[in-house]
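Here's the structure, in structure tokens; my notes come after.
Nothing in this text is a laboratory measurement; each read-out follows from the coordinates by a stated rule. Model, not experiment: these values are computed from the prediction. Because the Cβ atoms are built from the backbone with ideal geometry, glycine has one as well, and the counts that use them run over all protein chains shown.
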Amino acid sequence: MKLLGVLFAFTFVLTLAFCTTKQKAIKEKKNVTFEKDVLPILKDRCTPCHFPETGKKKMLDTYQANKDNIDEILKRIQLPKEDPLYMPFKSKKTPLNDSLIEVIKNWKLQGFIP
Ligand code: HEC
């Protein structure tokens, strides 16, 4: 009988742990917005080449430009770093790590929140 109690308590703790991690995962997956999440990454990693003033390449400084080019952007930031099409170009800026790539992927998945 005692063993049953221990087992029960164990299951209870496990369930509790599972629920909190699940909740945390959902919380982390909260809405990705262009202004708060995507733009700061671009400003950090894609300037000056894709921003006005100094940029001579395709402009990626606005919501619309990024939405229109999202597939090309996602493709390029996920290429092997030695690929000539890889972005940031020739890794002149720090390459995006998996969690930053995930932010941009989620922006698309969640339907491009401005
Ligand atoms: C050091 C300058 C530089 C940086 C930084 C840079 N790029 Fe580029 N980018 C280029 C050049 C040069 C080209 C044109 C050559 C090519 O197509 O590969 C280009 C082309 C592109 C294109 C294709 C545009 C088209 O005409 O279809 C995309 C999309 C792109 N870059 C995205 C990005 C993203 C996203 C970042 C930041 C994570 C970034 N780039 C960072 C220089 C840069």
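Mean projection of the alpha-carbon convex hull of the range 34-114 over all orientations, in nm²?
4.9 nm²
Rank ALA65, VAL103, MET87 by how far each Cα sits towards the positive end of the charge dipole of the range 34-114 (+1 on Lys, Arg Cβ; -1 on Asp, Glu Cβ) and give me just the farthest.
Value computed over the given set: MET87.
Please work out how much length the chain gains when fully extended from ASP44 to TYR63, using 0.36 nm per residue of separation minus the C-alpha to C-alpha distance, in nm with one decimal.
Full extension of this stretch gives 5.3 nm more.
Would you kindly derive the ³J(HN,Hα) couplings of the range 37-43 from the backbone phi angles with the Karplus curve 6.51 cos²θ - 1.76 cosθ + 1.60 (θ = phi - 60°), listing them in order in whole Hz, with x for Gly and Pro?
Along the range 37-43, the couplings run 10, 7, 4, x, 5, 5, 5 Hz.
If amide H atoms are built 1.01 Å from N in the plane of the peptide, which residues on other chains or at least 5 residues away come under 5 Å of the amide H of THR33?
Distant-sequence amide H within range of THR33: VAL38.
Amide H to amide H under 5 Å from GLN110: which residues, 5+ apart in sequence or cross-chain, H placed 1.01 Å off N in plane?
none
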